[in-house]
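The structure appears right after this line, and notes come after that.
The values are calculated or read from the model by the stated rules, or taken from the named source; none is laboratory data. Computed from a predicted structure; not experimentally measured. As a convention, Cβ positions derive from the backbone with ideal geometry for all residues, glycine included, and neighbour counts pool all protein chains shown.
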Amino acid sequence: METTVTSKSFTVPIGPQHPALKEPGHFQFTVDGEVVTQAYVRLGYAHRGIEKAAESRNWVQDLYLLERVCGICSHIHAFAYCLAVEQLAHVEAPPRAEAIRVLVAELERIHSHFLWMGVSAHEAGFDTLFMYSWRDREKVMDILEGLTGNRVNYSANLLGGVKFDIDATQAKAIREGLDFLEERAGHYLQVLSKDAMFLQRTRGIGVMTRTEAEVLGAVGPTARASFVPRDMRLTAPYSAYRQFPVQMVLDDRGDLEARFEVRVHELFESIRLIREILNNLPSGELSVRLPRRIPAGEAMVRLEAPRGEVFYYIKSNGTDKPERLKVRTPTICNLNSVIRLAVGHQLADVPMILAGIDPCFSCNDRMVTLTDAHNEGERLMTWPQLRQHGIDFYKQVGK
Amino acid sequence: MNNEEILSLAEQIVKSWNWTTEVSRSQPNQLDVKVLKLEELVPIVVGLRVKRLGYLSAIVGLDLGSAADQFEILYYFCEKNSAIVLRVHTPRVNASLPSLCEIIPSAEVFERELREMFGIDIVGLKTIEHLYLPEDWPDGVFPMLKDTQLPALPVQGEKV
């Protein structure tokens, strides 16, 4: 006897607005029951045409424009831009300036990883961790404010150097802040690797093998959690990372748990590096002069942002404005990989998988449409409802 | 492999086949390969992939302006501290490039971006919807072209 099973699938659009994270993106998931069978991504809700705008501004104006590419990792964009322009002008920033740039970059990494930890914990329904980690993040924000005057968009860079110095009082404040953050990071590592409820949401979820990570082009902590040894600070050392090397944090499990642990271990590494820089801060000038017109040529730099490799290409035609400027951020690479990972997973895991790469454009939604093909009706869900669905689903599983 | 070995192996691969290329070193850690025949781009990429030389870090599109009437496309393959750059030229009118998605799935987003920002037809690209530009973006307007003037932003307080 022959039986035919006919089934129809639902399409779940997620996006573009999300109240918890900063930037919008749209995802569309086709589900068969609870299992995701197809995934599609649509970006551009935050596309501001910065690459085009950069062509009509001069070299100095672009520094301020590019620092606003990202609200979380603003420093790394200005850092990358400065390095590329200095490369074109055949100028090197003084050693003290390079060390301060790296120090701010590492403080930014700490702030970004703490922020991400909170957001992902929230998506898993672990709001206690969300509140605590964001409270602790205030400490690193205070340090950055004390150092640069700003909590975000620190504006630490100049073409040819940095704007501020670090004195003994500031160094003391940083050291004290780091002691606190180190203790807290240790505590969170315990929570993330021991809490049974949380592990249920992370262990074995969203597994990406090393080959997948390489083929799909993952970068940063997402790649390192799949044992891809790719960290620009180490594989292609730039600026003061040549004098102050970091240790690469790798994990071979490739699941969400590994992505959490890699990032927390990176916190320790950043803290260690900042202390080392403070103890061995080179003396000397803070900046050198750069010409108003930059010699014609091409420059490409790759830096390690908190989320992975950021790529800058700049072409100069010898005038006071760039001819072409290209920015490739890490999220576009990771998104491409994670979107394929979602296939085969429960709909309930989607929020966690998306949050797991620390998407910088950041996802999701006020409004989720569940198209019910069987009843030819539409069910509207909000992102908080989908998040709640994930939490309830796992509560059921746990019973 | 160290940087020098990576670059010399890449140079060897590119030169040992009967491909029409111009190879140069613009910077110590960069190998520039000018691919003169468009149909040879895919085989060269396969050659690099087979030896696992670099991952596709980014594809950069350049509009060389109306005088040159050409686009230059740069494919950055990076490994460690070195970069292998494949440089391809295509005329601005009816610009077309082969897709790399069959060999490198992660090329999709870069190719979709080239398509919508420069109007380059990517032969073999399966997903052709807009990636960054809005759905109601006018047809035939490609923002990254040098002669595309975007409307000025409204000044604060001014009526739109």
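Show me the helices (runs of 4 or more DSSP H) found entirely inside the stretch A:245-362 where at least 1 residues are free of Cβ contacts under 8 Å to residues at least 40 places away in the same chain, under 20 Å from the mean Cα position of the chain (by Cα) and within 13 Å of chain B (Cβ to nearest Cβ).
The qualifying helices (runs of 4 or more DSSP H) are A:330-341.
Restricting the search to the stretch B:56-91, which residues are out of contact with any Ser or Thr (no Cβ under 8 Å at 6 or more places or on another chain) and either away from every other protein chain (no Cβ under 12 Å) or of a type in the set (Phe, Trp, Tyr) (or both)?
Across the stretch B:56-91, the qualifying residues are B:SER66, B:ALA67, B:ALA68, B:ASP69, B:TYR75, B:LEU86, B:VAL88, B:HIS89, B:PRO91.
Mind counting the residues in the stretch A:105-142 that are among the hydrophobic types (A, V, I, L, M, F, W, C), surrounded by fewer than 24 Cβ atoms within 10 Å (Cβ to Cβ) and assigned to a helix (DSSP H, G or I)?
Final tally of qualifying residues: 7.
Hey, B:HIS130 hits all of (1) crowded, with 21+ Cβ neighbours inside 10 Å; (2) facing another protein chain (nearest Cβ under 10 Å) but one; which does it fall short on?
(1)
Filter the stretch A:220-231 down to residues that are within 17 Å of A:GLU257 (Cα to Cα) and assigned to a loop (DSSP other than H, G, I, E, B) and give me whichever is nearest to the other protein chains (Cβ to nearest Cβ).
A:VAL228
Which ones in the stretch A:241-263 are farther than 19 Å from A:LEU303 by Cβ and surrounded by fewer than 22 Cβ atoms within 10 Å (Cβ to Cβ)?
A:LEU250, A:ASP251, A:ASP252, A:ARG253, A:ASP255, A:GLU261 - these are the residues of the stretch A:241-263 that are farther than 19 Å from A:LEU303 by Cβ and surrounded by fewer than 22 Cβ atoms within 10 Å (Cβ to Cβ).
Given the criteria assigned to a helix (DSSP H, G or I) and out of contact with any helix residue (DSSP H, G or I) (no Cβ under 6 Å at 6 or more places or on another chain), does A:VAL102 qualify? I'd like the intermediate steps shown before the answer.
Values: assigned to a helix (DSSP H, G or I): yes; out of contact with any helix residue (DSSP H, G or I) (no Cβ under 6 Å at 6 or more places or on another chain): no.
For A:VAL102, the condition - assigned to a helix (DSSP H, G or I) and out of contact with any helix residue (DSSP H, G or I) (no Cβ under 6 Å at 6 or more places or on another chain) - is not met.
Which condition number in (1) of a type outside the set (D, E, K, R); (2) over 27 Å from A:GLY186 (Cα atoms); (3) surrounded by 19 or more Cβ atoms within 10 Å (Cβ to Cβ) is the one that A:PRO94 fails?
So the condition that A:PRO94 fails would be (3).
Could you list all residues from the stretch B:90-101 that are over 19 Å from B:SER57 (Cβ atoms) and not in a strand (DSSP E or B)?
Correct list: B:ARG92, B:VAL93, B:ASN94, B:ALA95.
Kindly indicate whether A:SER239 is in the same structural domain as A:GLY308 (by TED's automatic domain parsing) and farther than 29 Å from A:SER120 by Cβ. If you could, list the steps in order and put the result at the bottom.
Details: in the same structural domain as A:GLY308 (by TED's automatic domain parsing): yes; farther than 29 Å from A:SER120 by Cβ: yes.
Spelling it out, A:SER239 is indeed in the same structural domain as A:GLY308 (by TED's automatic domain parsing) and farther than 29 Å from A:SER120 by Cβ.
A:CYS333: in contact with a helix residue (DSSP H, G or I) (Cβ under 6 Å, 6 or more places away or on another chain) and either at pLDDT below 95 or more than 22 Å from A:VAL215 (Cα to Cα) (or both), yes or no?
For A:CYS333, the condition - in contact with a helix residue (DSSP H, G or I) (Cβ under 6 Å, 6 or more places away or on another chain) and either at pLDDT below 95 or more than 22 Å from A:VAL215 (Cα to Cα) (or both) - is not met.
Being within 14 Å of chain A (Cβ to nearest Cβ), outside any loop (DSSP other than H, G, I, E, B) and free of Cβ contacts under 8 Å to residues at least 60 places away in the same chain narrows it down to one of B:GLU11, B:GLU108, B:GLU40, so name that one.
The conditions single out B:GLU108.
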